[in-house]
1. Please work out which residue is farthest from the other protein chains (Cβ to nearest Cβ), limiting yourself to the range A:135-146 and to residues that are in contact with a Phe, Trp or Tyr (Cβ under 9 Å, 6 or more places away or on another chain) and buried (at least 24 other Cβ atoms within 10 Å of the Cβ).
2. Within the range A:44-60, track down each residue that is within 14 Å of A:T5 (Cβ to Cβ) and either assigned to a helix (DSSP H, G or I) or touching a residue at least 60 places away in the same chain (Cβ under 8 Å) (or both).
3. Please tell me if A:A170 is more than 30 Å from A:A65 (Cα to Cα) and more than 7 Å from chain B (Cβ to nearest Cβ).
4. When you look at A:L132, is it closer than 22 Å to A:V72 by Cα, within 11 Å of chain B (Cβ to nearest Cβ) and in contact with a Pro (Cβ under 8 Å, 6 or more places away or on another chain), yes or no?
5. One residue is enough: does the range A:163-183 have a residue meeting the conditions of a type in the set (S, T, N, Q), closer than 22 Å to B:H63 by Cα and buried (at least 22 other Cβ atoms within 10 Å of the Cβ)?
6. Would you say A:G185 is more than 30 Å from B:I100 (Cα to Cα) and within 7 Å of chain B (Cβ to nearest Cβ)?
7. On the given criteria, is B:V57 within 18 Å of A:A170 (Cβ to Cβ) and either at pLDDT below 95 or more than 7 Å from chain A (Cβ to nearest Cβ) (or both)?
8. For the range A:310-347, which positions are outside any helix (DSSP H, G or I), small (G, A, S) and buried (at least 21 other Cβ atoms within 10 Å of the Cβ)?
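The values are calculated or read from the model by the stated rules, or taken from the named source; none is laboratory data. Keep in mind the model is a prediction, meaning the values are calculated, not measured. Because the Cβ atoms are built from the backbone with ideal geometry, glycine has one as well, and the counts that use them run over all protein chains shown.
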Amino acid sequence: MRALTYTSFLGIACLVLEIFNLRKIVVPVVVIALLAILGINFTEWNGSSVSFYNDMLRADNFALAFTGLLIVTAAGLVAMSGSFYDTEETKLADYISVIVFTLCGGIALVSFSNMAMLFIGLEVLSISLYILAGSKRRDIRSNEAAMKYFLMGSFASGILLFGITLVYGATGSFNLAQIALYASGPGVDPIFVVGVIMILIAMLFKVSAVPFHFWAPDVYEGSPSLTTAMMATLSKVAAMAAFYRLFSVSFVNNFSGFAWILSVVAALTMLVGNLTALNQDSFKRMLAFSGIAHAGYMLLAIMSLYQNTANALFFYTVAYTFASLGAFAIGISVMKRRKSEKIEAFNGLGKSNPFQAVALTVFMLSMAGIPPLAGFFAKYYVFFEAIKTQHLAVVIVAVITSAISVYYYFKLILAMWTKDSEETDAPAGAISYIAIAAICLIVTLALGILPSLVPSINQVASK
Amino acid sequence: MTLLNIFADPHISINHYIAVSAMLFTIGVFGVLFRRNAITIFMCIELMLNSVNLLLVAFSTYHHDNSGQVFVFFIMAVAAAEVAVGLAILVTIFRNLHTIDIDELKNLKN
């Protein structure tokens, strides 16, 4: 878990660079440092799953794989932040350090083996995101998004803490292994069950699953676009991985009772997410609802908790992250040029910028799950795991809703290719957006053709 | 450990602590849900966190295990950081809107 230590230092180093007035080099330095940390992270791959700091963190393959994904995502976001914040250069280093601290929270979240680390990771991630969501101080919509996110987030943290406390009261430990030992024993205390349900509710809040999703569209719409991209990718993936880790390691034995709750939640999430996305005319809001729907598909993996579900979940998050990050890279560049967040802003992109239009089309098709792309195999693996564990009804809902989702993804594609725009602007946008989009495009296509490129994290299983 | 027999028990037991914390927590939850003033909501969130602290210390003593008390320090530190950010957001809202009533926050379409 050296990656966590180094990223924390990197965040502080950003602020130091600012003091020494080296603002110009902060973006390349941080991106290179993050890629170096990515390399260091994978030197521990397939190790003996060592635990750190009195079993606070555990560096197993699951943790390392998700850490790698989060680092790549953060590097992409930092690379884009240079041109995104071009009007407020004096604050650039601050924003980048907050992004790096968010990454620290994410890493703690995917590699915890103690409830204390789960809580700290979640809070570091959330508090950094509250700051970023409200970072356009003079924009009332950004303020509002930050306030809503803050209230919902700290409310969910309160529920999570009460749940953790009740679990502690029943088991006498915060350690996941000890809790798992207790959960597998005879005679589970009722307060343990209440505690687990409260933790479940808080995690559903964080991943924006359906009864608790109402904050997501407003927060996504109001936040600065780069922060929205971060919430949709980094924060969602980290929360989902933490959710899986928590339930697969510690509560797996009395999971049978929760599987049906989760299956109902997953079905509702997919239905509400996809159906509400149908009549959105804002790009960010549409992606917010699409993100809610994707959370539903990821919940399928958590619900089935089978030998290979960690792999299925990892593949899904990789496919989703790259498609989403690429879509936001192009979306941000277009929205910035046309000064509008509506889907009409994308009219005529096919003529003025064919590469961007092709890339965005591929990302949308991948998210919709069209065969030769990464998103198809992601959905296929997740559905396959769910069928193996006899959750056929939910899979039927998943397939139907994913057919519905094609409609709103095509709305954007049609806007780009068939409609004309009065504006005849040709500028391509900053090179960083195009570069990120190109990388995401390559990954999305490569994983569609060779899905076995994603490493297996199988040996982790559940312990 | 059932909550129902606390009234029959003449001594202060762990159940009393659970009952008090659960009550404080519920007051906090209802405050967050039904109050419209942002400062009051902040205080209700603090109430939720502090009820958790109380319960953690009680369980910590009950189990003769110090880790619960250490967890309380984590919660206090994080709650302080959280409120610092929350109040900063509140100040920016007050500067732009001249009110802290959260019902006025409806610029994003529902």
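1. The first filter runs over the range A:135-146 and keeps only residues in contact with a Phe, Trp or Tyr (Cβ under 9 Å, 6 or more places away or on another chain), leaving A:135, A:145-146.
Now drop any that are not buried (at least 24 other Cβ atoms within 10 Å of the Cβ), which leaves A:145-146.
Working: A:A145: 7, A:A146: 5 Å.
Looking at the filtered set, the residue picked out is A:A145.
2. A:M56, A:L57
3. Working: more than 30 Å from A:A65 (Cα to Cα): yes; more than 7 Å from chain B (Cβ to nearest Cβ): yes.
For A:A170, the condition - more than 30 Å from A:A65 (Cα to Cα) and more than 7 Å from chain B (Cβ to nearest Cβ) - is met.
4. Numbers: closer than 22 Å to A:V72 by Cα: yes; within 11 Å of chain B (Cβ to nearest Cβ): yes; in contact with a Pro (Cβ under 8 Å, 6 or more places away or on another chain): yes.
Judged against the criteria, A:L132 is a match.
5. Pass one, the range A:163-183, residues of a type in the set (S, T, N, Q): A:165, A:171, A:173, A:175, A:178.
Subsequent filtering for residues that are closer than 22 Å to B:H63 by Cα retains A:165, A:171, A:173, A:175, A:178.
Imposing the further condition that a residue be buried (at least 22 other Cβ atoms within 10 Å of the Cβ) reduces the set to A:165, A:171.
For the range A:163-183, residues of a type in the set (S, T, N, Q), closer than 22 Å to B:H63 by Cα and buried (at least 22 other Cβ atoms within 10 Å of the Cβ): present.
6. Numbers: more than 30 Å from B:I100 (Cα to Cα): yes; within 7 Å of chain B (Cβ to nearest Cβ): no.
No.
7. On the way: within 18 Å of A:A170 (Cβ to Cβ): yes; either at pLDDT below 95 or more than 7 Å from chain A (Cβ to nearest Cβ) (or both): yes.
It is true that B:V57 is within 18 Å of A:A170 (Cβ to Cβ) and either at pLDDT below 95 or more than 7 Å from chain A (Cβ to nearest Cβ) (or both).
8. Applying the first criterion (outside any helix (DSSP H, G or I)) to the range A:310-347 yields A:339-342, A:347.
Add one more test, that the residue is small (G, A, S), and what stays is A:340.
Result: no residue meets the conditions.
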